[in-house]
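Q: Have a look at the structure that comes next, please.
Taken together, the values in this text are just the output of simple stated rules run on the coordinates, not laboratory data. Quick caveat: nothing in here was measured; it's all calculated off a predicted structure. Glycine gets a Cβ as well: all are built from the backbone with ideal geometry, and neighbour counts include every protein chain shown.
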Amino acid sequence: MTRIGTLASGRGSNFNALVAAWKRGSIPGAEFVVLVSDQPGAGALDVARGFGVEAVTLPPRDFPSREAHEDAVIAALRDRKIDLVCLAGYMRILSPKFIAAFPGRILNIHPALLPSFPGLHAQKQAVEYGVKVSGATVHFVDAGCDTGPVIVQAAVPVLDGDTEETLGTRILKEEHRIYPEAVRMFCQGRLKISGRHVRITPE
Ligand code: GRF
């Protein structure tokens, strides 16, 4: 059984897609144990409660330092014996200490075809740059910003007249498809990291 902890700061549509896929049996061997948010008002907390997944709020202002806050997040995950950490719109950069606490066991979803448009507002970056194709990426998290080994990508055309919102909506649909797929493969033990490459064992 892979015990999964999800970190989210916002509305939680990716978390919703993950738990919905799990509930319908598409992520065998998984258990979504806890959702941790740094934002007390995050929609993701309501999504968790709606599915009966434990929801934990850890606002940074309750802690004396960035490190103390992150230590509390690590402790919350360790206390629940979490095997896999899924970032789903978690708006904080993880320190090397956090990454070392869950080596090869942290996934993230990014709304662009990495390594293009890392960081914030990836959809806006793509529209402004004028690319014809963007998309979504699920990757392992390393110490950089959106730089870890790529697991799955989906391409999405950028159409004339697209805005950050219209492109973002089309990309989000693909995010909700590929994130559960990546978590499913992780839980099946089918992902092997080899340098920058992720080898996927056939089912
Ligand atoms: C998504 O666009 C995801 O790719 C990015 O943050 C956003 C989170 O959206 N990392 P949601 O909270 O899952 O709806």
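Q: Go through (1) under 16 Å from the mean Cα position of the chain (by Cα); (2) crowded, with 18+ Cβ neighbours inside 10 Å; (3) closer than 24 Å to Arg92 by Cα; (4) away from the ligand (no atom under 16 Å from the Cβ) one by one and return the number of the condition Leu58 breaks.
A: Checking Leu58 against (1) under 16 Å from the mean Cα position of the chain (by Cα); (2) crowded, with 18+ Cβ neighbours inside 10 Å; (3) closer than 24 Å to Arg92 by Cα; (4) away from the ligand (no atom under 16 Å from the Cβ), the one that fails is (1).
Q: What are the residues in the stretch 28-37 that are in a loop (DSSP other than H, G, I, E, B) and touching a helix residue (DSSP H, G or I) at 6+ places or on another chain (Cβ under 6 Å), if any?
A: The one that is in a loop (DSSP other than H, G, I, E, B) and touching a helix residue (DSSP H, G or I) at 6+ places or on another chain (Cβ under 6 Å): Gly29.
Q: Looking for whichever is assigned to a strand (DSSP E or B) and within 16 Å of Leu7 (Cα to Cα) here; the options are Ile99, Ile109, Ile151. Which one fits?
A: When all the criteria are applied, what remains is Ile109.
Q: Considering Gly25, Gly41, Gly10, which residue is within 12 Å of the ligand (Cβ to nearest atom) and either within 23 Å of Ala182 (Cβ to Cβ) or in a loop (DSSP other than H, G, I, E, B) (or both)?
A: When all the criteria are applied, what remains is Gly10.
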